[in-house]
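Only one structure is covered here, and it is reproduced in the block below.
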Amino acid sequence: MELKLWNTMGREMQIFTPREKGKVGMYCCGPTVYDFAHVGNLRTYIFEDILRKTLAYAGYDVRHVMNVTDVGHLTDDADEGEDKMLKGAREKGKSVWEIAEFYTKAFFHDFGLLRCVTPTVICRATAHIQDMIDLISRIEKNGFTYVAGGNVYFDISKFPGYGKLALLDQQELKAGARIAVDEGKKNPRDFVLWFTKSKFEHQSMTWDSPWGRGYPGWHIECSAMSMKYLGEQFDIHCGGIDHPPVHHTNEIAQSEAATGKPWVTYWLHGEWLVMGKEKMAKSAGNFTTLSTLVEKGFDPLDYRYFCLGAHYRTQLAFTWEGLSAARAGRMGVVDKIAQLRAQSGHPPASPTGKALQYMADFETHAMDDLNMPRCLADLWTMLRDAEVPPADRLAAALRMDTIFDLGLSEAREAEVVPDEETRALLEQRELARKGRDFKKADEIRAMLLARGIEVQDSPGGPKLRIAAGQRRED
Ligand code: AMP
Ligand code: ZN
């Protein structure tokens, strides 16, 4: 199976060829654990999970490494501002270690609810300080650093090709066009590898180093940990679209300055989740978390389905209407799967006949730079095709779901998880029924239907389903 991926390095579609046959080393920049992840952050991790599952579908054995940033990430990616962890700790009245532990757990909880597969290696920055010190020493030995004002800087003028990933303007880089905020820097784009002095003296996380007691710059952790767990050269590096100009540019400079070898072959970046016209961001305050979605009655997988509806390289606008439509879509698939299961008994091990053509279309689209919107369309067309025997449709859908991962193999029936208002209406309806006020009970049933929810009374109590009118045609 030939997999095509859009490589940010060189800005072109390329056929994926791993360094080692059948194996893939993949590094994903992980969360900074100073607060809850918002659904924008989570969109990036869903894209990376789809990538991982597509690679597995294509037959690769994937080694997936993700870091957890629990030190050194300043509020501005380019060395300015305060440490995000410190700021978070101060605002929440906790120690940095406490908030790191709390938000790491919260992050992986959301990650699991979205059915993202746990990375092969999860590495915390604070557990790898010695690896970072060793790497900085190598970069220093190779002549790419200078010390100023107590901090160790990377000297970008010594690294030919700096900024290649982000197509940074070479003339501008030489001129150092931006006014340097940090007086220690020779060029404003130089960046800190190790801080012993910062504007924020209350830094509580510090370690001894050859340059004095201090803490690492943000970028060095990804170079140190990715190479530790994947080797000095590996296949894929991913992250959000904010990373090419600063973070990933600096990671490349550090890693290649240390080893003298080309570092990563394929660079993939996920586009923003936006709210209105703005990127969803904690700093802008326009963010929503997965638990808010759940409180409003959505299943985390509704959000996964919502993300599958847009290609990872296009912006996706978050709206509640869009999320409701995704919920109806996902429920429609789940319903259909339940029907097919009832019709077909046990699915055959693999699809046959016309279902194979649908599988081929699906594979073409998945292997075409993870075109999930087209893949979803393939799934729907197949599910609706009455010419394909139910057992084949079921088998093909379950095989497709190894990439979508909407939990279809466990799906039974599209039940609704009621939100608070729905619960209140249901209670009122039960009271009315008990009081034999059937007129009122029916009125409430109609109110629920207007909200897109169908009530079915059963011996075990009322069951909720997405109303037929809200389901996608099948
Ligand atoms: P952070 O925890 O702030 O380091 O961000 C974690 C990841 O989420 C990074 O790869 C960011 O690029 C990504 N990210 C942040 N905001 C958004 C957004 N609105 N949409 C998609 N990805 C985002
Ligand atoms: Zn990184």
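About the centre of its Cα atoms, the chain shows a dipole size close to 440 debye [charges on the beta carbon of Lys, Arg (+1) and Asp, Glu (-1) only; nearest 20 debye]. Taking Cβ atoms as reference points and 12 Å as the exclusive limit, the residues near Leu293 contribute a net charge of -2, counting Lys and Arg as +1 and Asp and Glu as -1. Accessible area per residue for the chain is 44 Å², calculated with a 1.4 Å probe on protein heavy atoms, without ligands, DNA or RNA. Overall, the accessible surface of the stretch 4-270 at a probe of 1.4 angstrom is composed of carbon and sulfur to the extent of 52 percent. Shape class for the stretch 4-270, computed from the alpha carbon gyration tensor (a ≥ b ≥ c): oblate, with a/c not under 1.5 and a/b at or below b/c.
Note that the stretch 20-25 has calculated 3J(HN,Hα) couplings of 10, 3, x, 10, 10, x Hz, one per residue in order, obtained from phi through the Karplus relation 6.51 cos²θ - 1.76 cosθ + 1.60 (θ = phi - 60°); glycine and proline are x. In this structure, the amide hydrogen of Tyr34, modeled 1.01 Å from its nitrogen in the peptide plane, lies closer than 5 angstrom to no residue at least 5 positions away or on a different chain. Nonpolar atom fraction for the stretch 278-410, defined as the carbon and sulfur part of the 1.4 Å probe accessible area, stands at 52 percent. Surface calculation, 1.4 Å probe, protein heavy atoms: Leu193 sits at approximately 0 Å² accessible. A straight line joining the Cα centroids of the stretch 288-315 and the stretch 92-148 runs 26 Å.
Taken one residue at a time, the phi angles of the stretch 55-62 give Karplus couplings (6.51, -1.76, 1.60, θ = phi - 60°) of 4, 5, 4, 6, x, 8, 8, 9 Hz. Gly and Pro are set to x. Projecting the Cα atoms of Ala125, Thr196, Thr259 onto the charge dipole of the chain (Cβ charges, centred on the Cα centre) puts Ala125 farthest toward the positive pole.
Probe 1.4 Å, all protein chains in place: accessible area of Glu321 in Å², nearest 10? My reading of the accessible area for Glu321 is about 130 Å².
Computed 3J(HN,Hα) for the stretch 118-135, one whole-Hz value per residue from the Karplus formula 6.51 cos²θ - 1.76 cosθ + 1.60 where θ = phi - 60°, is 4, x, 4, 10, 10, 10, 8, 4, 5, 8, 10, 5, 5, 4, 5, 4, 4, 5, glycine and proline marked x.
Remark: the Cα gyration tensor places the stretch 328-386 in the oblate category, a/c being 1.5 or greater and a/b not exceeding b/c. Rounded to the nearest 500, the 222 nm mean residue ellipticity of the chain from helices alone is -13500 deg cm²/dmol, with -39,500 (n - 2.57) taken per DSSP H run of at least 4 residues. Simple rule: put +1 on each Lys or Arg Cβ and -1 on each Asp or Glu Cβ in the stretch 4-270, find the dipole, and look at Leu165, Thr145, Ala37; the Cα lying farthest toward the positive end is Leu165.
Dipole of the chain computed with +1 at Lys/Arg Cβ and -1 at Asp/Glu Cβ about the Cα centre; of Trp211, Val65, Ile46, farthest Cα towards the positive end is Ile46. Between the helical axis of 218-230 and the longest alpha-carbon principal axis of the chain there is an angle of about 70 degrees. Looking at the stretch 325-412, the GluC sites (Glu not before Pro) that sit in a DSSP loop and have at most 11 other Cβ atoms within 10 Å of their own Cβ are Glu387, Glu410.
For the peptides 89-98, 104-113, the ranking by packing is 104-113, 89-98, with the highest mean count of neighbouring Cβ atoms within 10 Å listed first. Put simply, the amide H of Val274, placed in the peptide plane, has neighbours under 5 Å in Met280, Leu316, Ala317, Phe318, leaving out anything fewer than 5 places away on its chain. For Leu3, the amide hydrogen comes within under 5 Å of the amide hydrogens of Phe16, counting only partners 5 or more places away or on other chains and with H modelled in the peptide plane.
The values are calculated or read from the model by the stated rules, or taken from the named source; none is laboratory data. Source: prediction; values computed, not measured. When we count neighbours, we look across all protein chains shown, and the Cβ atoms used for this are built from the backbone with ideal geometry, even at glycine. Ligands, DNA and RNA are excluded from the accessible area calculation, which covers all protein heavy atoms including side chains. Shrake-Rupley method; radii C 1.70, N 1.55, O 1.52, S 1.80 Å.
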